[in-house]
Each structure stands twice: as structure tokens, then as C-alpha cells.
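The structure appears right after this line, and notes come after that.
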Amino acid sequence: MKEIVELYLAFLRIGAVNFGGGYAMLPLLERDLVQDRGWTTTQDLTDYFAIGQCTPGLIALNVATFIGSRRKGVAGAIAATLGFVTMPIIIILIIATFLQGFADLPIVQNAFAGIRVCVCVLIVQAVLRLWKKSVVDKVSLCLYIGVFLMTALSGVLPVAVPAAILVITSGILGVIIGGFRDQGKEADKKK
């Protein structure tokens with residue numbers, strides 16, 4: 001029960017500062033869950049983000065559910081998920097109650113402009129961390145370039161490819177390429 005409460009409180013704190021969405025949360029999650037608590041590894045966290053991108057819902061919320069499930073099963077998943085959403089729900093209710101009268105105030109608009117800049121920096125930092133861990137050889141660089149071009153040129157291409165299709169296709173290619181690598185390693189061992 002103690003670990004269930006610990007999961008709830010950890011994700012309650014993380015959810016309270018969930019500005020900018022999933023990728024902006026990566027540095028915070030990595031520091032808190034990997035470095036400070038040792039609940040997961042950077043590689044697993046990156047994998048959770050990839051899976052969270054393909055599944056319905058918010059990426060960071062999905063990551064919370066995955067980590068809670070891994071730590072304490074269904075009860076851990078529920079505790080982490082509820083912890084993550086508690087503060088945003090409270091904050092949204094407070095803002096919704098008072099925002100109509102404040103949204104047009106210059107100080108509020110300026111605050112949001114500053115928050116957007118901060119979120120952009122956090123996302124760039126997350127992308128750089130993911131890049132270092134994901135693009136590790138020529139094959140992964142080629143895969144990156146292909147996916148990047150399909151995404152960047154989606155407005156020019158006759159059909160925009162959904163992100164989920166890109167992720168699933170990349171996963172399938174990863175399995176195929178990994179299989180060839182494994183076969184090559186086994187052949188080298190036999191020699």
C-alpha cells in the first residue's frame with residue numbers, strides 16, 4: 001500500500017507542473033523517475049513515450065499509467081494515473097471559473113506568451129535527448145530522415161501520413177532490421 005501511495009504522490013507532483021504536454025515533460029520525468037527514484041530506465045522511458053504517442057490520450061498520462069502498471073500492476077496504474085490527473089483537473093476547474101474575466105487582460109496574455117516560450121525550450125531539450133538515444137547508427141539515421149521528410153512534407157504530399165502509421169511502420173522496420181542484425185551476430189559467432 002505504501003508504494004501505491006508513493007506512486008500517487010509522485011505523479012500528483014508531476015501532474016501539477018504538466019505544462020506543455022508530453023514531450024515537454026520528458027526532462028522532468030527523466031530526472032524524477034529515472035535519476036531520483038530509479039523506477040525506470042531512460043531507454044524504457046523513451047519506449048513508453050513512443051508507445052504513448054500511438055495510444056489514445058495524453059503521452060505523459062500514458063507514461064504514468066505504464067510506469068504505475070510496471071511498478072504495482074493494475075493498482076499502480078490506477079494510482080499513477082489518478083495522481084497525474086488530480087492537479088490538472090483542480091487547476092482547470094479554477095481557471096475555468098475565473099478565466100472568462102481574465103483571459104483578455106494583458107498580464108494574462110503576457111504570462112501565456114512566456115509559458116509558450118518555455119514550453120518550446122522544453123520540447124527542444126526533449127527532442128535533443130531523444131535524438132542522442134535513438135539515432136545511433138546509419139540505419140536509424142536513414143529511418144529518421146525518411147520519417148522527418150514524410151512529416152515535414154505532409155502539406156505537399158498528396159496524402160498526409162498519420163503519426164500512428166509512421167510509428168507503427170517504424171516499429172515494424174525496427175523489428176525487421178533488428179532481426180537481420182541478430183542473424184548477422186549469430187553468423188559471426190559461428191565463424
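The values are calculated or read from the model by the stated rules, or taken from the named source; none is laboratory data. On a predicted model such as this, the values are computed, not experimentally measured, just so you know. Reconstructed Cβ throughout: ideal geometry from the backbone, glycine too, with neighbour counts over all protein chains shown.
Remarks
- Criterion (more than 29 Å from L28 (Cα to Cα), modelled with pLDDT of 85 or more and not polar (S, T, N, Q)) met by exactly one of L157, L173: L173
- Unmet criterion (only one of (1) within 27 Å of L29 (Cα to Cα); (2) not assigned by TED's automatic domain parsing to the domain that holds G52; (3) not hydroxyl-bearing (S, T, Y)) for L122: (2)
- Of all residues in segment 144-183, those satisfying the criterion of being more than 17 Å from F49 (Cα to Cα) and of a type in the set (G, A, S) are G146, A152, S154, G155, A160, G178, G179.
- For segment 129-143, residues that are surrounded by 11 or more Cβ atoms within 10 Å (Cβ to Cβ) and either out of contact with any helix residue (DSSP H, G or I) (no Cβ under 8 Å at 6 or more places or on another chain) or within 16 Å of A50 (Cβ to Cβ) (or both) total 10.
- Unmet requirement for D182, which otherwise passes all of (1) farther than 27 Å from T41 by Cβ; (2) loosely packed, with under 12 Cβ neighbours inside 10 Å: (1)
- Residues of segment 146-156 that turn out to be surrounded by 12 or more Cβ atoms within 10 Å (Cβ to Cβ) and in a loop (DSSP other than H, G, I, E, B), as a count: 1
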